[in-house]
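Below: one structure, written as structure tokens.
The values are calculated or read from the model by the stated rules, or taken from the named source; none is laboratory data. Predicted model only: the values in this text are computed from it and were never measured. Here the Cβ positions follow ideal geometry from the backbone for every residue, glycine too, while neighbour counts run over all protein chains shown. Only protein heavy atoms, including side chains, enter the accessible area calculation; ligands, DNA and RNA are left aside. Shrake-Rupley method; radii C 1.70, N 1.55, O 1.52, S 1.80 Å.
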Amino acid sequence: QMLGLELIADDARFQTLLGASAPALVAAIEECLTSRHPIVRRAVDVQPAAGTAGATHLGVTVSPVLDESGVLQGAICLFSDLTAVVDLEEQLRLKDSLARLGELTAGLAHEFRNGLATIHGYGRLLVPERLPEEYRPYVAALRAETDSLGEIVTNFLNFAKPSNLSLSAVSLERIAERAADEIRREVTERDGEVTLTGKFADIQGDEVLLRQAFSNLCRNAVEACTQPGTPPRIVLHGEVDASRRIASLTVTDNGPGIEPAVRDRMFRPFVTTKAEGTGLGLALVQKIIVTHNGRVAAESSEAGTKIRVTLPIATGEPLP
């Protein structure tokens, strides 16, 4: 189960079985068999099978097996599942990075806001009716641009400020239903469909922030479906992993997908593929989910984009 293998045939070679999913483990076994010395506490990653999310991180000790006369008979591997530890380390690093970036963003946004407030104020003092006709559009454009920049600065500050969670038992299904309802009318008007499937569980979280995160994901999914003549198909699918006590909610669209170069950076602040985007929507989603000790990851293909959010199930919550 840890290696994601099916029933193993008697004549199966370990290189064939593990070569695609765990080449580092194959290398450790081969090194042990060649040197006849144990490989102690080596970290290896096992790539996920199709349809699953996230690699499994293992610590492995490989020891040679010798018979009474010292002839090598094989090797034995002792595994420790380090996935939870690695995930926790990654979450802590990400939280620290987001906190540092938030401090920098807040400082810049406040400086911009001060100058912008002055420009905005003078723009409001200009009375278009007292100006020649040819100059009136400039005043309207000045006001519109300062309003737009004001919204951007507000988004910067929302991203930068610390998230003070108001924790309670939250139904992930109810949040998914509400996020789906917010986009259903627009999708239906474009002859598309929004579907809610799978299993859900209650989590311990801040319902307002979680609603904001999944609303952003659904809005992004709709905006990604830009192909002419192709109705949007948005699917929200829930899964529950009882053994690990985690619940996941995946938002899938049928858009053109994301370029690989962008996919690796899409949750970073200020990275966007939209002409008028600020690049803070997905960054804010990631910040909210990480604050809830969860994870967010993206998969993309020609069939569309799939964004999976994983969150821990509330302690003591019965599983569905």
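Could you list all residues from segment 278-301 that are at pLDDT 80 or above, closer than 23 Å to Glu259 by Cβ and among the polar types (S, T, N, Q)? Within segment 278-301, just Gln286 meets the criteria. For segment 223-243, filtering for residues that are out of contact with any strand residue (DSSP E or B) (no Cβ under 9 Å at 6 or more places or on another chain) and within 18 Å of Leu311 (Cβ to Cβ) leaves 1.
For segment 168-234, list the strands (runs of 3 or more DSSP E) that sit wholly inside it and hold at least 2 residues that are more than 23 Å from Arg244 (Cβ to Cβ) and in contact (Cβ under 8 Å) with a residue 40 or more places away in the chain; which are they?
193-198
Residue under question is Ala242, and the condition is that it be open to solvent by less than 10 Å² (accessible area, probe 1.4 Å) and on the phi < 0 side of the Ramachandran plot; does it hold? Answer is no for this residue. Residues in segment 96-121 that are in contact (Cβ under 8 Å) with a residue 24 or more places away in the chain and among the charged types (D, E, K, R) were compared, and the one that is surrounded by the most Cβ atoms within 10 Å (Cβ to Cβ) is Arg113. When each of Arg93, Arg124 is tested for being closer than 30 Å to Val139 by Cβ and surrounded by fewer than 17 Cβ atoms within 10 Å (Cβ to Cβ), the lone residue that passes is Arg124. Looking only at residues in segment 67-102 that are at pLDDT below 90 and touching a helix residue (DSSP H, G or I) at 6+ places or on another chain (Cβ under 7 Å), the one that is nearest to Ala283 (Cα to Cα) is Leu98. Tell me whether segment 234-248 contains one or more residues that are charged (D, E, K, R) and under 15 Å from Ala180 (Cα atoms). Within segment 234-248, not a single residue is charged (D, E, K, R) and under 15 Å from Ala180 (Cα atoms).
Within the set of pairs 6+ apart or on separate chains, which have a first residue in segment 68-80 that is open to solvent by 90 Å² or more (accessible area, probe 1.4 Å), a second that is of a type in the set (Val, Ile, Thr), and C-beta atoms under 7 Å apart? If the second residue must be of a type in the set (Val, Ile, Thr), the pairs left are Gln73/Val65; Ile76/Val65; Leu78/Val60; Leu78/Thr61. Residues in segment 1-44 that are within 16 Å of Ala75 (Cα to Cα), part of a loop (DSSP other than H, G, I, E, B) and not charged (D, E, K, R): Ala12, His37, Pro38.
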